[in-house]
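The values are calculated or read from the model by the stated rules, or taken from the named source; none is laboratory data. Everything numeric here is computed off the predicted structure, so don't read it as measured data. Cβ placement follows ideal geometry from the backbone for every residue including glycine, while neighbour counts extend to all protein chains displayed. Please note that ligands, DNA and RNA were not included when accessible areas were found on the heavy atoms of the full protein model with its side chains. Shrake-Rupley method; radii C 1.70, N 1.55, O 1.52, S 1.80 Å.
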Amino acid sequence: MSGENRPLDARAVRRHFDRASKGYDDSAVLQARVRQQLLDRREWIAFEPDVVVDLGCGTAHGAQALAVRWPRARIIAVDIAPGMLCEAGRLDAGRQFERVCADALSLPLPGASVDLVFCNLLLQWCDDLDAAFAEITRVLRPRGLLTFTTFGPDTLIELREAWREADDYTHVSPFADMHDIGDGLVRAGLVEPVLDVLRYTLTYPDVRALMRDLKAIGAQNATTGRPRGLTGKQRLRVVEQAYERHRREGFLPASYEVVFGQAWGATERPDRVHDGEFAIPVSAIRHRGGPAPR
């Protein structure tokens, strides 16, 4: 995604998550499950980091778990929303980690200063994925590790399709394809990327319950093409009727495609070719498949 194509309003993203911070943990069921699976994957790697960043930490349950896993490491919890960091402070009674309010595209960290960047469901909220990966590459030490999750394009596909029948505005954020994410890692100069996808389904009694859940975790419409006024009752009825076609066994599904990925900081910067590209083939990206949880 180029810097010229910015589909998200970063100020709206920050505002939504700030407002949702106090009740976030009560509704962020999927986020918690994905975070735990990402943490579990770190057990596969013999790795003893000195400095760890939980990037897009939210209420910082990830940072707390990382501090328990590596008690001698310096753990830094970073989030753009002050409210989230305030809630994180309440969680961190033992002062196990530091809290930093910052944008993922402009981290107040020295270059080559971080051994592990842990990033759970943040990248889909960055309006420039290339810039996010470039900033992560900048702060990673040689052979430092980036481990992350983000949403793929089939996320909330039922809601996206239902809104298309109501109006021409954008109501659901665009999500990058796994292969585009892999390309972005390579362009940033990260090496040995591995990516795979797991699919999840949450169920709701009606579409309004889904919308309330999304609002409760701050995942509201922050696209630059969003409608600026209130949603009319007639349009909402169209969305409800369109979504009803997906009802199964009394419930409406909400699909989530989650991309899991990791990549390492290069020991040397790759040779550049022309126009800002790197001479690393996309074929170097490896993919690992896995069964979707039920």
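Details
- Once both labels are positioned 7 Å from their Cα atoms along Cα-to-Cβ, the gap between R212 and F47 label points is 4.0 nm.
- Evaluating 6.51 cos²θ - 1.76 cosθ + 1.60 at θ = phi - 60° for every residue in region 74-81, the Karplus couplings come out as 7, 9, 10, 9, 10, 8, 7, 9 Hz, glycine and proline recorded as x.
- Estimated at 0.36 nm per residue, the fully extended path between V68 and A32 surpasses their Cα-Cα distance by 11.3 nm.
- Fully extending the segment from S255 to R15 would add 83.9 nm, taking 0.36 nm per residue of separation and subtracting the current Cα-Cα distance.
- Virtual paramagnetic centre 7 Å along Cα→Cβ of R237, amide N under 19 Å, in region 164-197: 164-168
- Summarising the label geometry, the points placed 7 Å from Cα in the beta-carbon direction at K22 and D167 lie 2.9 nm from one another.
- Sequentially through region 127-134, phi angles give Karplus couplings (6.51, -1.76, 1.60; θ = phi - 60°) of 6, 9, 5, 4, 5, 5, 5, 5 Hz, Gly and Pro residues having no value and appearing as x.
- Residues in the chain average 49 Å² of solvent-accessible surface per residue, probe 1.4 Å, ligands and nucleic acids excluded.
- Over region 103-143, relative contact order from alpha-carbon pairs under 8 Å, at least 6 apart, %: 61
- With every protein chain in place, region 38-158: carbon and sulfur % of accessible area (1.4 Å): 52
- Highest-MSF residue in the chain out of P110, P193, P227 [GNM, Cα springs under 10 Å]: P110
- Mean Cα-pair separation over length for region 100-227, i.e. relative contact order, pairs under 8 Å, 6 or more apart, %: 24
- When region 77-187 is reduced to its Cα atoms, the Kirkwood hydrodynamic radius in Å: 16.0
- Going by accessible surface with a 1.4 Å probe and the largest first, D92, D26, D40 read D26, D40, D92.
- Each Lys and Arg contributes +1 and each Asp and Glu -1, all at the Cβ; summed about the Cα centre of region 1-79, the dipole is approximately 140 debye.
- Multiplying the residue separation of D154 and T267 by 0.36 nm and removing their Cα-Cα distance gives an extension gain of 37.2 nm.
- Only protein heavy atoms count here; under a 1.4 Å probe, D213 has an accessible surface of about 50 Å².
- FRET efficiency, D40 to R90 (Cβ-Cβ, R0 35 Å, nearest 0.05): 0.85
- Here the dipole of the chain is about 820 debye; that uses its Cα centre as origin and unit charges on the Cβ of Lys and Arg (positive) and Asp and Glu (negative).
- The chain, relative contact order [Cα under 8 Å, separation at least 6], %: 23
- Rounded to 5, percent antiparallel among DSSP beta bridges of the chain: 50
- For C57, nonlocal amide neighbours, meaning residues 5 or more places apart or on other chains whose placed amide H falls under 5 Å from its own, are V78, D79.
- Computed over region 40-126, the ratio Rg/Rh where both radii use C-alpha atoms and Rh is Kirkwood: 0.94
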